[in-house]
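Visitor: My questions will all concern the structure given below.
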Amino acid sequence: MTGPAMEWCERDGVSWLAWEAAGVRAAFPARTGGVSPPPFDSLNLGLSVGDDPAAVAENRRRLCAALGVPQERLVVPGQVHGVALAWVGEHEAGRGAFDAASVLARRDGLLTDAVGLGLTVSYADCLPVVIVAEGTMGRALATVHAGWRGLLAGIVGAAAERLGRDRRLLAAAVGPSIGPRRFRVDDALRRRFEARFPGCGTGAGAVDLWHCARADLERAGVPPAAVREFVKRIGVAKANSVADVGAAIEEALAFCGGNVVQAARLLGVTFRSLRYRLERLGID
């Protein structure tokens, strides 16, 4: 993995993975530190999944307070697994930040050059992608929600190309999302991915979506060494097999540069538990 580094941050019980490039900061929050009950426990930030809106409002308040970002400066898209982008500015500040009715409807990517505006995307297995560019007109950034449909349709490349029209593409981050060996598809869909992104197959019917995002970012002009990929926050205790546990641990260790303490936090297990699993699986 290359590109600007990441680090764990925590404040008032809220944790997030932080990434920064050219003064643009990105935060990928963990699920701890909120008030939502199971199955949304606990820092659920989405208003469209059936959680109590009051709990989501408090979770958003807590995250914004921890990050030091005014909630009224957020812009939230209404995602549909499509390819539509929206360039936003001061007029859109606060859209979707406090309610679902005011989101930017049917958009899966946001772009801006407005200073201090917080662009958001919602994701689980899908890829959250942040792209940064700079030029004589100043810095600009894009946040993209890229599911498999959006990746095949080219939303990541489209966002990068839009930023690169009048600026130089500097860096990009692919946030916590389903890992290279865990997105298993049928043969027909895999062939579609292989035709679009040669080399994305990882065996056992899996497709490496990180590879796909990286390919389109580089094709659009993001320097290969400036693309950073993240690993999915996977609960090891819920893995389906020993192989899945090993794959999850290897992904977490790679993501955290071999730091076992950070990998344990990413996986949601104790340091002692992870060391035990490493010994049992024979992972150095």
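Visitor: Considering only residues that are in a helix (DSSP H, G or I), over 14 Å from VAL35 (Cβ atoms) and not aliphatic (A, V, I, L, M), which ones fall in region 46-101?
Guide: Residues satisfying the conditions are CYS64, GLN71, GLU72, ARG73, GLU90, HIS91, GLU92.
Visitor: Condition first: of a type in the set (Asp, Glu) and at pLDDT 70 or above. Now tell me which residues in region 260-284 satisfy that.
Guide: Selection gives GLU279 alone.
Visitor: Can you tell me which residue within region 106-126, out of those that are in contact with a Phe, Trp or Tyr (Cβ under 9 Å, 6 or more places away or on another chain) and modelled with pLDDT of 95 or more, is farthest from LEU45 (Cα to Cα)?
Guide: Out of the qualifying residues, it is ASP113.
Visitor: Examine region 3-11 for a residue that is crowded, with 18+ Cβ neighbours inside 10 Å, out of contact with any strand residue (DSSP E or B) (no Cβ under 7 Å at 6 or more places or on another chain) and assigned by TED's automatic domain parsing to the domain that holds ARG139, and state whether such a residue exists.
Guide: no
Visitor: Could you list all residues from region 16-45 that are surrounded by fewer than 21 Cβ atoms within 10 Å (Cβ to Cβ), at pLDDT below 90 and aliphatic (A, V, I, L, M)?
Guide: The answer is ALA30, and nothing else.
Visitor: Go through region 185-209 and count every residue that is under 28 Å from TRP19 (Cα atoms) and either without any contact (Cβ under 8 Å) to a residue 60 or more places away in the chain or surrounded by fewer than 22 Cβ atoms within 10 Å (Cβ to Cβ) (or both).
Guide: Of the residues in region 185-209, 8 are under 28 Å from TRP19 (Cα atoms) and either without any contact (Cβ under 8 Å) to a residue 60 or more places away in the chain or surrounded by fewer than 22 Cβ atoms within 10 Å (Cβ to Cβ) (or both).
Visitor: Any idea how many residues of region 185-238 are within 19 Å of the chain's Cα centre (by Cα), of a type in the set (Asp, Glu) and modelled with pLDDT under 95?
Guide: Looking only at that region, the number is 2.
The values are calculated or read from the model by the stated rules, or taken from the named source; none is laboratory data. Nothing here was measured: the structure is a model prediction, and the numbers come from that model. Note: ideal-geometry Cβ built from the backbone for every residue, glycine included; neighbour counts use all protein chains shown.
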